[in-house]
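**Q** Shown below is the structure under consideration.
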Amino acid sequence: MLLTPDLVPAVVASGHSARVDAKIAPRFAPGAKVRVRNLHPTGHTRLPGYLCGKTGTVAIAHGVFVFPDTNAHGLGEKPQHCYSIHFTAQEVWGPTASAKDTLRVDLFDDYLDPA
């Protein structure tokens with residue numbers, strides 16, 4: 001189903017999840033080092049551009065979900081794993097960032113390569 005703006009309120013109110021019950025092996029396990037691909041897609045994406053090329057560590061494997069980038073464009077659900085990736089602030093914002101700060105961002109398989 002293509003999610004159009006007029007359908008959003010009903011979908012949100014339903015409380016349904018984008019989780020997919022699919023037997024897809026995860027590419028990464030918690031503790032794995034990953035690098036965010038240098039992608040710059042046009043249109044809808046859940047990939048924050050400031051993370052392109054950055055290296056982080058898989059903190060949590062959330063399971064399989066509908067890939068929002070293809071689903072939003074009517075190109076299918078393309079189910080895949082989503083992971084919480086842990087980055088140091090210095091990796092993301094450079095050496096002047098606090099060495100004590102970190103961030104976690106949920107990213108899909110299509111955004112990641114092994115580091």
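**Q** Please state which one of Gly56, Gly76 is at positive phi and either touching a residue at least 12 places away in the same chain (Cβ under 8 Å) or of a type outside the set (A, V, I, L, M) (or both). Step through it out loud before you land on a result.
**A** Working: Gly56 fails: at positive phi.
Just one listed residue meets the conditions, Gly76.
**Q** Name the residues in the stretch 40-49 that are in contact with a Phe, Trp or Tyr (Cβ under 8 Å, 6 or more places away or on another chain) and at pLDDT 95 or above, would you?
**A** Leu47
**Q** Hey, another quick one. Can Gly63 be described as part of a strand (DSSP E or B), touching a Phe, Trp or Tyr at 6+ places or on another chain (Cβ under 8 Å) and surrounded by 11 or more Cβ atoms within 10 Å (Cβ to Cβ)?
**A** In short, no.
**Q** Out of Asp113, Asp69, I need the residue that is part of a helix (DSSP H, G or I) and under 24 Å from Ala18 (Cα atoms). Which one?
**A** Checking each option against the conditions leaves just Asp69.
**Q** On the given criteria, is Thr45 in a loop (DSSP other than H, G, I, E, B) and touching a helix residue (DSSP H, G or I) at 6+ places or on another chain (Cβ under 6 Å)?
**A** Values: in a loop (DSSP other than H, G, I, E, B): yes; touching a helix residue (DSSP H, G or I) at 6+ places or on another chain (Cβ under 6 Å): yes.
So Thr45 fits the description; yes.
**Q** Any residue in the stretch 1-18 that is charged (D, E, K, R) sitting within a Cβ distance under 8 Å of a residue that is at pLDDT 75 or above? List the pairs, counting only those 6 or more apart or interchain.
**A** none
**Q** Separate question: Would you check if His73 is out of contact with any helix residue (DSSP H, G or I) (no Cβ under 7 Å at 6 or more places or on another chain), under 30 Å from Leu7 (Cα atoms) and not β-branched (Val, Ile, Thr)?
**A** In short, yes.
**Q** Could you count how many residues in the stretch 17-48 are within 29 Å of Thr4 (Cα to Cα) and in contact with a His (Cβ under 7 Å, 6 or more places away or on another chain)?
**A** 3
**Q** What pairs come up if the first residue lies in the stretch 92-108 and is part of a helix (DSSP H, G or I) and surrounded by 14 or more Cβ atoms within 10 Å (Cβ to Cβ), the second is at pLDDT 95 or above and not hydrophobic (A, V, I, L, M, F, W, C), and their beta carbons are under 7 Å apart, counting only those six or more places apart or on different chains?
**A** So the pair list comes out as Val92/Tyr50; Val92/Lys54.
**Q** Any idea how many residues of the stretch 22-38 are part of a loop (DSSP other than H, G, I, E, B), out of contact with any helix residue (DSSP H, G or I) (no Cβ under 7 Å at 6 or more places or on another chain) and touching a residue at least 12 places away in the same chain (Cβ under 8 Å)?
**A** The total comes to 9.
The values are calculated or read from the model by the stated rules, or taken from the named source; none is laboratory data. Computed from a predicted model, the values in this text were never measured in an experiment. Cβ atoms come from the backbone with ideal geometry, glycine included; neighbour counts cover every protein chain shown.
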